[in-house]
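Asker: Dumping the structure here so I can ask a few things about it.
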Amino acid sequence: MTIEKEYSTKLSVEGVTIGQRDIEMLDAIDRYGSMHKAADELGRSYARLQNRVVEIEDAVGPITERQRGGSGGGGTELTQTARELRQQFDRHEAELDGVARVTESVFTGTIRDRTGELATVETGLGPILALVPEGASDVQVTVRSDAVVLTDPDETPQADGTSLRNQFTGTVERLEPGDAITRVTIRLAADVTIQALITNASSDRLALEPGRSITASFKATAARAIRIGSRD
């Protein structure tokens, strides 16, 4: 089972939340030089758009300025404040992009051996060394995709000689490349997959493609278990 977390970019300024619709509004005003035209293109009423501009301006200061007359007939332009607001939103969205792409692979199992906070959990994938809650017996182990390391099976060091104590070899099932990061789904057993996030450069270096044999490794501290079932 894979859990994907979803995030949306929002800015909060003086109690006013600025979201994607507001940035689209600023983009349209900038593109068309007219609040009326921007409202038409966005399918919004002029009154609603104008009211939203006023709400944002009450929080951050002027975001539009009216240019009257002249050969171009005047129009509406964004202020420097509005442009900085758009840039800040874009930066925040870029920072969240990596977080939004992170998934968690989940494995259900039973605790076999325990040493302090660490324990071996027997799962459908095989034994996983993980951080486990005190007193638990049946657990779900989650592994974040950004904690999984991919290596060529022939070049993977022995688990007892590295901090990557959990190692499983499978085949690449799917690649989802982005601008800089690729999400890789690896089939480890008939009904078990795990996901990893790696750079596009690493994907190229490993020559990843569907069907390619690959080893997925992760630290014991990256595998975190939660209790399931009764506490009795």
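Asker: Could you give every pair whose Cβ atoms fall below 6 Å, whose first residue belongs to region 133-144 and is more than 14 Å from Ala223 (Cβ to Cβ) and free of Cβ contacts under 8 Å to residues at least 60 places away in the same chain, and whose second residue is surrounded by fewer than 17 Cβ atoms within 10 Å (Cβ to Cβ) and of a type in the set (A, V, I, L, M), counting only separations of at least 6 or pairs across chains?
Answerer: Nothing qualifies.
Asker: If you don't mind, there's one more thing I want to ask. If you go through region 138-164 one residue at a time, how many are assigned to a loop (DSSP other than H, G, I, E, B) and either at pLDDT 90 or above or under 20 Å from Thr185 (Cα atoms) (or both)? Explain how you work it out, then say what you get.
Answerer: Initial filter on region 138-164 (assigned to a loop (DSSP other than H, G, I, E, B)): 148, 152, 156-158, 162-164.
Add one more test, that the residue is either at pLDDT 90 or above or under 20 Å from Thr185 (Cα atoms) (or both), and what stays is 148, 152, 156, 164.
Qualifying residue count for the region: 4.
Asker: Also, I was wondering about something else. Would you check if there is a residue in region 121-131 being closer than 19 Å to Arg183 by Cα and surrounded by 15 or more Cβ atoms within 10 Å (Cβ to Cβ)? Before the answer, list the steps.
Answerer: Going through region 121-131, the residues closer than 19 Å to Arg183 by Cα turn out to be none.
No.
Asker: Got a number for residues in region 152-173 being surrounded by 18 or more Cβ atoms within 10 Å (Cβ to Cβ) and farther than 22 Å from Val121 by Cα?
Answerer: 2
Asker: Right, another one. In region 89-107, how many are modelled with pLDDT of 80 or more and surrounded by fewer than 17 Cβ atoms within 10 Å (Cβ to Cβ)?
Answerer: Counting residues in region 89-107 that are modelled with pLDDT of 80 or more and surrounded by fewer than 17 Cβ atoms within 10 Å (Cβ to Cβ) gives 1.
The values are calculated or read from the model by the stated rules, or taken from the named source; none is laboratory data. In this text the structure is predicted, and so the values were computed from the model without any measurement. Don't worry about glycine lacking a Cβ; one is built from the backbone with ideal geometry, like all the others, and counts go over all protein chains shown.
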